[in-house]
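A.B. asks: Please read through the structure below; I'll follow up with questions.
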Amino acid sequence: MSYANLLLEMLNQPIGTEADAKEKLADAVAQLPKQDREIVRRHYGLDGRKPESFAKMAADSSLFKLGKKVSAQRVQQINARALRRLFYQSKKE
């Protein structure tokens, strides 16, 4: 099962085909704020990327405003916030 299918299943969305799942997930993730969107894409390996750890993303200061360094825990918190946003967004539809 791909991360796209897993995320959609977590959000209680019908999955359909793999292509449908990826399209639905891409549409939902596109609605997130830029920072949240980038963290979700990088952590789950969306857009054909290799999944990245929170620690690796924390070391990349270009992800954050003013090039600030943040901890891996903070990146994990932002990821959790993004998943909550996706969940509540799915409930509105």
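Every read-out reported here was derived from the displayed coordinates using simple, explicitly stated rules and does not represent laboratory data. These numbers were taken from a predicted model, which means no experiment stands behind them. Glycine gets a Cβ as well: all are built from the backbone with ideal geometry, and neighbour counts include every protein chain shown.
A.B. asks: Taking θ = phi - 60°, what integer Hz values does the Karplus form 6.51 cos²θ - 1.76 cosθ + 1.60 yield along region 44-53, in sequence order, with x for Gly and Pro?
C.D. replies: The phi angles translate into 9, x, 6, 6, x, 8, 7, x, 10, 7 Hz.
A.B. asks: Work through the residues other than D60 whose Cβ is under 12 Å from its Cβ and net out their charges, Lys, Arg +1 and Asp, Glu -1.
C.D. replies: On the way: positive: R42, K56, K68, K69; negative: E38, E52.
That works out to +2.
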